[in-house]
Amino acid sequence: MNRSKKNEESGRFELRFHSGYKGKETPRSVIIGSREFNIDEILWRKRVLDRKSGKRHEVFKCKMEGETVTIKVFESGKWEISFSDKK
């Protein structure tokens, strides 16, 4: 089952998920504007507890279009993506 979450700050960004075994959602693609970028591989994933707020979020380290990206998905449904620096 595919599901998507839109970044509420702008309708131009969308994260598409696949609901897997035991309800574990896995990101499958990122849509920016009219372009869709497939996630080629999930390198690792972990659930993180923010000690200050007590809220949980999930972190995915992925290969996307030959780049390494980190995707954070918050309980609220918001998400953020960051690209690793190559130096």
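Among the residues of the range 32-52, those identified as part of a strand (DSSP E or B), under 17 Å from PHE13 (Cα atoms) and free of Cβ contacts under 8 Å to residues at least 24 places away in the same chain are ILE32, ARG35, GLU36. The residue pairs whose first member lies in the range 1-27 and is surrounded by 11 or more Cβ atoms within 10 Å (Cβ to Cβ) and among the β-branched types (Val, Ile, Thr), whose second member is at pLDDT 70 or above and not in a strand (DSSP E or B), and whose beta carbons are closer than 6 Å, counting only pairs six or more residues apart or on different chains, are THR26/GLY20. Which one is nearest to HIS18 (Cα to Cα), of the residues in the range 34-73 that are touching a His at 6+ places or on another chain (Cβ under 8 Å) and of a type outside the set (A, V, I, L, M, F, W, C)? If we take residues in the range 34-73 being touching a His at 6+ places or on another chain (Cβ under 8 Å) and of a type outside the set (A, V, I, L, M, F, W, C), then LYS72 is nearest to HIS18 (Cα to Cα). When the test is whether a residue is among the basic types (Lys, Arg) and either modelled with pLDDT of 90 or more or in a loop (DSSP other than H, G, I, E, B) (or both), LYS5 does not pass it.
Counting only residues that are part of a strand (DSSP E or B), farther than 15 Å from GLU41 by Cβ and basic (Lys, Arg), the range 53-83 holds 2 of them.
The values are calculated or read from the model by the stated rules, or taken from the named source; none is laboratory data. Because the structure is predicted, anything quoted here is derived from the model rather than measured. So basically every Cβ, Gly included, is an ideal-geometry build from the backbone, and we count neighbours across all protein chains shown.
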